[in-house]
1. Starting from the Cα of Thr390, step 7 Å along the direction of its Cβ; do the same at Gln89; then give the gap between the two resulting points in nm.
2. Nearest 10 degrees, 0 to 90: what angle lies between the long axis of helix 452-466 and the longest principal axis of the chain (Cα atoms)?
3. Using 0.36 nm per residue, how much length does the chain from Arg369 to Trp3 gain when fully extended, once their Cα-Cα distance is taken away?
4. Would you please give the FRET efficiency between Arg150 and Val266, computed as 1/(1 + (r/R0)^6) with r the Cβ-Cβ distance and R0 = 25 Å, to the nearest 0.05?
5. Among the GluC sites (Glu not before Pro) in region 152-211, which ones are in a DSSP loop with at most 15 other Cβ atoms within 10 Å of the Cβ? Mind listing them?
6. So what's the back-of-envelope 222 nm ellipticity for the chain, counting only DSSP H runs of four-plus at -39500 (n - 2.57) apiece and dividing by all residues, rounded to 500?
7. Provide the FRET efficiency to the nearest 0.05 for the Asn468-Arg111 pair, computing r from the beta carbons and using R0 = 35 Å.
8. Between Arg134 and Val62, what is the label-to-label distance in nm when each label sits 7 Å out along the Cα-to-Cβ direction?
Amino acid sequence: MDWNYDTEPQPGLGDRRVYWPRGKTLGGSSSINAMVWVRGFAADYDHWAAVAGSGWGWESAVEYFRRIETTEDAAGDHQGRSGPMSVSQLRDPNPLTDAFLQACTEVGLGRTAPSEINGPSPEGVAQAPVTQRRGRRCSTADAYLKLARRRPNLTLLTRTLTTRILFEGTRAVGVEYRHRGAMRQARADAEVVLSAGAINTPALLMCSGIGPADHLRSLAIPVLADVPEVGRNLADHLVLPIVVGVDSSQTLYDAETRRQLLRYLVRRRGMLTSNIAEAFGFVRSNTSLELPDIELLFVPGPFVDEGLGKPEAPGITIAAILLQPHSTGSITLRSSDPTQAPRIDPRYLSDEAGHDRAAAVAALQLCERILQAPALAGHVTGPMQPPGLTGSPRIAAVIERHAQTLYHPTSTCRMGSDPDSVVYPDLRVRGVDQLRVADASIMPRIIRGHTNAPAILIGERAADLISNRASQRASSESR
Ligand SMILES: Cc1cc2nc3c(=O)[nH]c(=O)nc-3n(C[C@H](O)[C@H](O)[C@H](O)COP(=O)(O)OP(=O)(O)OC[C@H]3O[C@@H](n4cnc5c(N)ncnc54)[C@H](O)[C@@H]3O)c2cc1C
C-alpha cells in the first residue's frame, strides 16, 4: 500500500537517503496519512491567487472547505455542514498531549482556540482536528469514492499502473496502463485528468514526452512539449524530531494491547483512535517575521527511525518542522521505463543563504525549552533518539542523523499565469491539449500547514473547472 520511495542522498542531512512513503491504494496518501486536518494560512492561498487568479484565494478556499467538511462532535454527531470529509476532535486524546500543550504555554506560546484553528491565521498551539468518523479514518476514498462507486459512468481499476498518456498530435486522447500483466488502453472522449501526486504526476508527464526537453532527450524520450519546470520546484516540510523516554504507561508504546484493540472494536475509543500527531502549533522562529515559519508537532509515543524502527521503551516525540523552506529540489526520471521509481531530490537545507539551517536550529532550541518546561520535565526520564545527548549536541545530531519528511511534497507541476508555469490557472497543462492535473503537484508554493486539505480543495476546484461551474459562479458573483 506504499510506493516506498527513498530520496537521493541528502548532503544537508549527513548524506542520508530519506524514506518517502506515498499511498498506493484507493484514497492515495489520505489512506495512510496522519489524519491531521488544517486548512492553513490565508496568506498562502492569497499568494496562489496572486499568481493564478482570485478563484484560488482564501475567500474562495473558505467556500470550498465549507463544501468539503462536516464537523463531528465528541458524541459522534454531525454539526451543521454536510460535506463528505468528516473532521472531528480526537475521541481519546492522550494525557501527555495535554501536558505538551501546557508546556508550550509555560514557555510563552499562545493557545489557538478551537474556533480559530480553521481561521485565516491559526498561530499558536492546539490539539489536532482529524479526518475521522467515529474514531475511524475518513480517507478521500471513504468520503468521495464510496458515494460515487455505483455510478454507471465510473470504472475503477485497482492493481493497475498507468504508464503513459496517449496523444494524437498534441491532444491527449487517453492513457496506456498495465493491468493483470497486460498492457491496455483507455480512451478519453473529453479530456484526461492526471492525479498521481507530486512525485508520480511529473514522472508520468515526462514519460509521455512533456517536460524539460534536454532531460527527455538524454533518456531518448521523444519530446512532445518542452515544459522546463515539470518536476522542478519540489518543496517539502522537513521534520526535526527529538524522542525522549518517559515514566508513563499511557504512551502509544503501549497501544498494541488486546485491551486497546477491544476498546477500539467495541467502542471506537482508546489509543488505537490516535492519529499519532495529536497536537501541533504554528510559531515564529523570530519575532520580526510576519507569519509563522515553524510548526511544532507532538506525538505521545516514541517515533523512532522515521517511524520504521521498533522503540524499546515508552517515550514521546517533539518535532519541529520548517514550514516555508527556502530550499527546493526536483523530480527527474532515471530512465524512460515508467515502472522505475523516479529520482527524488528535495535538496533539504541547501539554500545558499542558510535560512533553512538557521530556522532548524532555532526551532530545535524551542523544542529543548518545551521539554524543560514544568508540565513535561517531570515525565522525562532521558534522551532516546538521538541517544545520550541533550542541548546543542542533540540539535546537531537531530539534523544530521534523524531529520525526516512530514510527507508533504508539492509544487512539481506549479500552476501560474506566467509562461514558465506547468499548468494554467484552470489546471490545463501547457503545450498540449485536453490534459489537466489535479493534485498537490500544482500548488504554486507549499503552504504553512498540512497538505491533505489543500489537495482536496484542488480536487473540488478541478471538478468545478471541468464542469464549468467555476466560470458560472464567477459570472453570477460579478452580476
Ligand atoms: C505517511 C503520510 C502522512 C501524512 N500525514 C498528513 C496529515 O496528517 N495531514 C495532512 O494534511 N497531510 C498528510 N499527508 C500528506 C497528504 O496525505 C497528501 O498531501 C495528499 O494526500 C496528496 O494528495 P494527492 O492527490 O496529491 O496525491 P496522493 O494522495 O499521493 O494520490 C496519488 C494517487 O495516484 C496513484 N498513482 C500514482 N501513480 C500512479 C500510476 N502510475 N498509476 C496508477 N495510479 C497511480 C497513487 O497510488 C495514489 O492513489 C501525509 C502523507 C503521508 C504519505
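1. 3.4 nm
2. With rounding to tens, the tilt is 20 degrees.
3. Here the segment from Arg369 to Trp3 would lengthen by 128.1 nm.
4. Efficiency at R0 = 25 Å is approximately 0.20.
5. Glu191
6. -7000 deg cm²/dmol
7. 0.20
8. In this crude label model, Arg134 to Val62 measures out at 3.3 nm.
Rule-based calculations on the coordinates, nothing more; no lab input. Predicted model only: the values in this text are computed from it and were never measured. No Cβ is skipped: glycine too gets one built from the backbone with ideal geometry, and neighbour counts run over all protein chains shown.
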